[in-house]
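First the structure, in the form of structure tokens, and then the observations on it.
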Amino acid sequence: MSCGDCPDGRKFDLIKEFPEKTKQLNDFIDALDIGPDRNRNRGFLIESLHEAQHIFGYLPRSVQQFVADKLHLYLSEVYGVISFYSYFTDRPVGKYKISVCTGTACFVRGANAVLEEFKRLLVLENGETTPDRKFSLASLRCVGACSLAPVVMVNDQVYGKVTAKMVADIINECK
Amino acid sequence: MIDSVETLNKRVEALRRESLAATRILVSMGTCGIAAGAAPVLAELRRLLAERGLENTVEIVETGCIGQCYAEPSVEILNPESNSGITYGKVKVSEVSMIIDHLADVVPGLETVNKTWYYPEDEANADNRLQARIVLRNSGRIDPEKLEDYLKNRGYQALAKVLTGMSPAEVVKEITESGLRGRGGGGFPTGMKWSFAAAQPAGRKYIVCNADEGDPGAFMDRAVLEGDPHSVLEAMIIGGYAIGADTGIVYIRAEYPLAVKRLKIAIRQAEENGLLGKNIFGSGFNFKIELKYGAGAFVCGEETALIHSIEGKRGEPTFKPPFPAVSGLWGCPTVVNNVETYANVPAVIRRGAAWFRTIGTEKSPGTKVFALAGKVENVGLVEVPMGTALRDIIFNLGGGIRDGKQFKAVQTGGPSGGCLKADRLDTRIDYDTLTALGSMMGSGGMIVMDEDDCMVNIAKFFLEFTLDESCGKCTPCRIGNTRLHEMLDRICTGRATGDTINKLRNLAYAVKDTSLCGLGQTSPNPVLSTLANFEEEYEAHIRDKKCPAGVCTKLITYLINDNCVGCTLCARNCPVSCISGERKQKHVIDQDRCIKCGVCYQACKFHAIDRI
Ligand SMILES: Cc1cc2nc3c(=O)[nH]c(=O)nc-3n(C[C@H](O)[C@H](O)[C@H](O)COP(=O)(O)O)c2cc1C
Ligand code: SF4
Ligand code: SF4
Ligand code: SF4
Ligand code: FES
């Protein structure tokens with residue numbers, strides 16, 4: 001298991017490093033209806049992790065441990081959930097999160113060529129982040145805008161009817 | 001506060017009187033509309049109406065998805081007196097002022113979109129329209145963030161009827177008699193499912209709405225949640241009353257932020273108005289609804305996995321029985337139904353089971369919403385009576401194949417389904433006809449493919465998806481699908497040998513027969529159905545090392561022939577600059593560097609590039 005805490009070799013504890021963010025997460029979990037039944041508390045795990053990832057951007061070991069302690073769960077239970085669901089990541093993501101839709105509608109309209117072009121120009125594999133943490137590349141399955149297939153999302157911005165030719169421009173727009 | 005039928009009716013009357021605005025302008029603000037650029041159009045509308053002092057006579061309504069996604073951004077001008085409207089498609093910001101100039105008549109020169117549906121609850125199908133909208137009755141017509149809009153359109157009337165005049169058993173009976181079948185994929189009779197849960201001893205029970213919508217390329221549940229969230233809440237409360245549950249949970253995928261937002265607003269409004277909470281309609285019945293979020297796992301759409309996910313565990317399915325209706329969430333009886341299933345319930349209650357049965361086929365009453373996508377002209381949602389012919393859906397509502405290409409196949413049922421060839425276009429589709437043809441209804445994804453699609457590659461695509469999404473709990477699915485995928489990969493890259501097809505078929509059946517959950521039991525379907533319908537295409541890949549559709553890059557080569565006039569167009573467009581040649585001289589492709597993207601092939605205007 002990668003802790004993800006030390007992106008450049010240094011020990012780096014997000015929980016200690018960002019007290020205001022930690023407080024935000026702490027307050028969120030405290031407002032949940034946590035009771036004595038730890039099995040029941042697990043029911044709050046996924047929403048707590050959503051919130052944590054929203055606040056910190058990713059879920060390194062320090063954050064996982066924090067959530068585990070708050071919900072009286074084992075770290076292994078928390079990690080088990082993070083590794084199962086593709087939405088959660090224990091790796092830092094880039095400033096520009098590029099997601100190429102590879103749902104069926106986008107696939108039949110040429111999403112693969114678009115994805116390949118992003119890979120080629122960013123020199124990234126699917127799921128990776130550039131060393132300068134500027135770009136992450138990922139594929140996702142259907143954002144529900146199939147009429148605009150193929151669809152690419154850069155953070156919250158949606159690009160429709162994307163062709164391989166447009167890829168360079170999309171990357172250049174990320175400034 | 002709405003605490004009785006009288007207060008509900010008074011409220012509705014007051015709302016009707018209040019809506020004095022002469023004209024309503026509807027702007028589709030669903031995910032598709034926003035992505036296509038509806039927000040700037042809306043802003044321009046607001047700005048111009050204010051500038052011209054029309055804010056009080058013209059009302060702007062931000063609606064959900066109307067289903068005509070191909071025509072977004074769309075603007076509909078609705079005259080409330082005649083209840084007739086003009087819909088403009090692909091509206092540009094620069095066209096908005098013309099639209100406001102001509103509120104009562106059509107702006108010459110602008111693209112308008114014809115309605116292809118009728119509303120069975122309100123009107124007869126006088127013009128023989130193909131679509132019948134029950135599930136999408138409010139989508140695109142009301143503001144989903146306003147409870148008032150829902151109330152004006154018969155909202156919560158079904159709940160009032162149930163809570164003030166029907167026993168739980170009568171509700172179950174009505175749903176059973178309507179023949180409503182689950183729209184999430186399996187087609188299981190909803191009334192029967194409710195009766196199992198109702199028969200369990202009184203105690204804690206749950207009503208769960210499956211809004212995980214995992215089939216990539218299907219987006220009808222999103223449209224309902226974004227366009228008409230109260231209809232789902234109303235149905236869940238009715239379901240709760242019928243089975244004796246006091247808690248409902250909507251399990252929604254995290255990839256639908258707008259649907260989440262609108263559901264949250266709707267739940268808050270229902271609570272503030274006494275439609276959720278204690279003693280609803282003074283009946284003594286209490287009900288609350290919570291949201292739980294998915295986190296990007298297709299298998300969590302399977303009901304037992306979904307329940308584990310709500311419990312905060314890894315979303316791994318478990319063996320059935322016990323069925324959730326007997327032992328589900330936290331071990332309590334739990335009804336899991338799909339969004340679209342719920343959206344039908346208020347209409348069934350309002351108009352009765354017998355009315356519902358007049359639409360659709362005998363074994364599959366009602367309508368089905370399909371998400372029509374892929375190579376059709378009009379991508380969007382269509383809601384048709386069960387038993388509508390595929391041809392009508394694809395060629396009439398869908399407008400046929402784009403760019404004048406040839407229809408090749410249509411995939412229904414997403415990664416669990418199968419494809420149908422042109423000779424099946426006259427099939428009248430319902431649950432049973434599709435299953436009989438080796439495909440399935442699934443959740444209603446309908447992806448149309450044309451001559452440029454390689455069916456082996458499509459099968460490989462779906463398997464890639466299942467591989468990604470397999471939870472890994474059981475061996476046939478985890479390993480079997482991996483091996484199937486490897487075989488398909490060998491076929492697509494020209495490394496397959498003679499008996500691959502047999503091996504493929506045998507293993508596919510083994511995976512189907514021995515997997516634990518619905519994911520593995522259906523994941524080989526795309527392979528089996530493309531094999532059944534397009535075996536010659538597999539053969540061409542294996543024997544001749546050729547991809548007839550020209551898709552599998554390892555099996556194709558682009559070559560410039562003597563038609564080349566040296567216009568340089570291809571060289572300028574090649575993304576890797578591997579085409580060389582002097583102006584007015586024949587060009588050449590450097591085969592070592594060519595990435596087979598096909599850009600040159602499409603660019604050349606002189607038929608000078610061959611794909612072999
Ligand atoms: C792998 C798999 C994925 C599924 N995904 C969904 C889904 O996204 N949405 C859904 O409503 N049902 C899905 N189902 C079906 C559910 O298990 C369940 O049958 C359905 O929610 C019941 O509701 P219904 O009776 O109203 O259709 C899936 C089933 C399987 C096996
Ligand atoms: S069939 Fe696949 S998804 Fe279903 S339990 Fe087995 S491994 Fe998991
Ligand atoms: S586009 Fe066609 S004609 Fe023009 S240089 Fe290329 S191959 Fe020759
Ligand atoms: S197929 Fe693509 S990479 Fe190859 S020569 Fe043509 S444009 Fe260039
Ligand atoms: S498949 Fe890409 S948006 Fe639906």
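The values are calculated or read from the model by the stated rules, or taken from the named source; none is laboratory data. Only a predicted model underlies this, so the values are computations on that prediction, with no experimental measurement involved. No Cβ is skipped: glycine too gets one built from the backbone with ideal geometry, and neighbour counts run over all protein chains shown. Quick note on the areas: whole protein, heavy atoms, side chains included, nothing else; ligands and nucleic acids left out. Shrake-Rupley method; radii C 1.70, N 1.55, O 1.52, S 1.80 Å.
Each principal axis of the Cα atoms in the stretch B:148-356 has its own extent, and those three values, largest first, are 42, 36, 32 angstrom.
A probe of 1.4 angstrom, applied to the heavy atoms of all protein chains, finds B:Ile579 with accessible area near 20 square angstrom.
The local environment of B:Thr482, defined by Cβ-Cβ distances under 15 Å, has a net charge of +1 under the rule Lys, Arg +1 and Asp, Glu -1.
Electrostatic tally near A:Ser76: other residues with Cβ closer than 15 Å to its Cβ, Lys and Arg +1, Asp and Glu -1, net +2.
The A:Ala31 and B:Thr557 beta-carbon pair, evaluated with R₀ = 45 Å, returns a calculated FRET efficiency of approximately 0.10. With viscosity 0.890 mPa s and temperature 25 °C, the Kirkwood radius over alpha carbon pairs of the stretch B:455-544 converts through Stokes-Einstein to a diffusion coefficient of 193 µm²/s. Length gained on full extension, B:Glu145 to B:Arg391: 84.9 nm, using 0.36 nm per residue less the C-alpha separation. Database remark: amide H of B:Lys292 closer than 5 angstrom to the amide H of B:Val250, B:Tyr251, B:Ile252 (H placed geometrically; neighbours at sequence offset of 5 or more, or on other chains; Pro and chain starts carry no H).
Per residue of B:215-224, other chain Cβ atoms within 10 Å of the residue Cβ number 5 on average. Accessible surface calculations at 1.4 Å, restricted to protein heavy atoms, place the stretch A:96-174 at 40 Å² per residue. Over every Cα atom in the stretch B:18-115, the radius of gyration and the widest Cα-Cα span, Dmax, amount to 12.3, 35 Å. Contact-buried residues of the stretch B:25-52, at a threshold of 30 Å² lost accessible area versus the chain by itself: B:Ala35 (1.4 Å probe; DNA, RNA and ligands ignored). Computed over the alpha-carbon atoms, the stretch A:1-126 gives an Rg to Rh ratio of 1.06, Rh here being the Kirkwood radius from the mean inverse distance. Nearest 5 percent is fine: what portion of the DSSP beta bridges confined to the protein assembly as shown is antiparallel? Around 55 percent antiparallel, to the nearest 5. Roughly how tilted is helix B:168-178, in degrees to the nearest 10 and between 0 and 90, from the longest Cα axis of chain B? With rounding to tens, the tilt is 40 degrees. Residues whose amide H falls under 5 Å from that of B:Tyr206, counting only those 5 or more places apart or on a different chain, are B:Thr334, B:Val335, with hydrogens built in the peptide plane. Bridging of B:Lys363 to lysines at a Cα separation below 30 Å is possible for B:Lys115, B:Lys161, B:Lys173, B:Lys193, B:Lys205, B:Lys320, B:Lys408, B:Lys421, B:Lys512, once same-chain residues fewer than 8 apart are set aside.
Peptides A:14-21, B:446-453, B:549-556 ranked from most to least packed, by the mean per-residue count of other Cβ atoms within 10 Å: B:446-453, B:549-556, A:14-21.
Taking label positions 7 Å along the Cα-Cβ direction at both B:Ile595 and A:Gln24, the computed distance is 3.7 nm, reported to one decimal.
At a Förster distance of 30 Å, what's the computed FRET efficiency of B:Lys605 paired with B:Lys421, Cβ-Cβ distance as r, to 0.05? That gives a FRET efficiency of 0.35.
Please work out the C-alpha center-to-center distance from the stretch A:141-162 to the stretch B:102-148 and express it in whole Å. So the separation of the two Cα centres works out to 26 Å. With 27 Å as the limit on Cα-Cα distance, the pairs of B:Lys375/B:Lys596; A:Lys119/B:Lys292; A:Lys175/B:Lys146 that go past it are A:Lys119/B:Lys292; A:Lys175/B:Lys146. Our analysis of the stretch A:14-84 gives Rg over Rh at 0.93, with the two radii drawn from alpha carbon positions and Rh computed by the Kirkwood formula.
Compute the separation of the alpha-carbon centres of the stretch B:515-578 and the stretch B:221-291 and state it in Å as a whole number. What the calculation gives is 47 Å, centre to centre. Counting only DSSP H runs of at least 4 residues, each contributing -39500 (n - 2.57), and dividing by the residue count of chain A, the helix-based mean residue ellipticity at 222 nm comes to -12000 deg cm²/dmol. Between B:Val106 and B:Phe188, what FRET efficiency follows from the Cβ-Cβ distance if R0 is 35 Å, with the result rounded to 0.05? The formula returns an efficiency of 0.15 here. Using just its DSSP H runs of length 4 or more, each adding -39500 (n - 2.57), chain B gives a mean residue ellipticity at 222 nm of -10500 deg cm²/dmol after division by all residues. For the stretch A:14-84, the relative contact order is 34 percent, taking Cα pairs closer than 8 Å that sit 6 or more residues apart in sequence and dividing their mean separation by the residue count.
Projection of the Cα convex hull of the stretch B:278-374, averaged over all directions and equal to a quarter of that hull's surface, yields 9.7 nm². A cut-off of 5 Å between modelled amide H atoms, ignoring neighbours fewer than 5 places along the same chain, links B:Asn338 with B:Arg183, B:Gly184, B:Asn210.
Projecting the alpha carbon convex hull of the stretch B:299-449 along each direction and taking the average yields 10.7 nm². Summing +1 for each Lys or Arg and -1 for each Asp or Glu among the other residues whose beta-carbon sits under 15 angstrom from that of B:Ser195 gives +1.
The candidates B:Lys460, B:Lys92, arranged from most to least accessible area with a 1.4 Å probe in the full protein assembly, appear as B:Lys92, B:Lys460. Scalar couplings 3J(HN,Hα) for the stretch B:270-282, obtained by applying the Karplus form with A = 6.51, B = -1.76, C = 1.60 to θ = phi - 60°, are 5, 5, 5, 9, x, 8, 10, x, 8, 6, 5, 6, x Hz; x denotes Gly and Pro.
Residues of the stretch A:61-81 that lose at least 10 Å² of accessible area (1.4 Å probe, protein heavy atoms only) when the other protein chains are present, relative to their chain alone, are A:Gly80, A:Val81. Interface B-A: total buried accessible area of about 3600 Å², 1.4 Å probe, protein heavy atoms only. A:Arg61 exposes around 110 Å² of accessible area when a 1.4 Å probe is run over every protein chain in place. For the protein assembly as shown, report the % of Cα-Cα distances exceeding 54 Å. Here the tail beyond 54 Å accounts for 10 percent of pairs. Nonpolar atom fraction for the stretch B:18-115, defined as the carbon and sulfur part of the 1.4 Å probe accessible area, stands at 50 percent. Panel values: the stretch B:367-432, Kirkwood radius from alpha carbon pairs, Stokes-Einstein at 37 °C and 0.692 mPa s, translational diffusion coefficient 273 µm²/s. The alpha carbons of chain B stretch over 83, 64, 42 Å along the principal axes, in descending order.
Scalar couplings 3J(HN,Hα) for the stretch B:572-581, obtained by applying the Karplus form with A = 6.51, B = -1.76, C = 1.60 to θ = phi - 60°, are 6, 9, 4, x, 10, 6, 10, 10, 10, x Hz; x denotes Gly and Pro.
Distance between the pseudo-spin-label points of A:Lys16 and B:Thr164 (7 Å out from Cα toward the beta carbon): 6.4 nm. Placing B:Thr435, B:Thr116 in order of accessible area, with the largest value first and a 1.4 Å probe, yields B:Thr435, B:Thr116.
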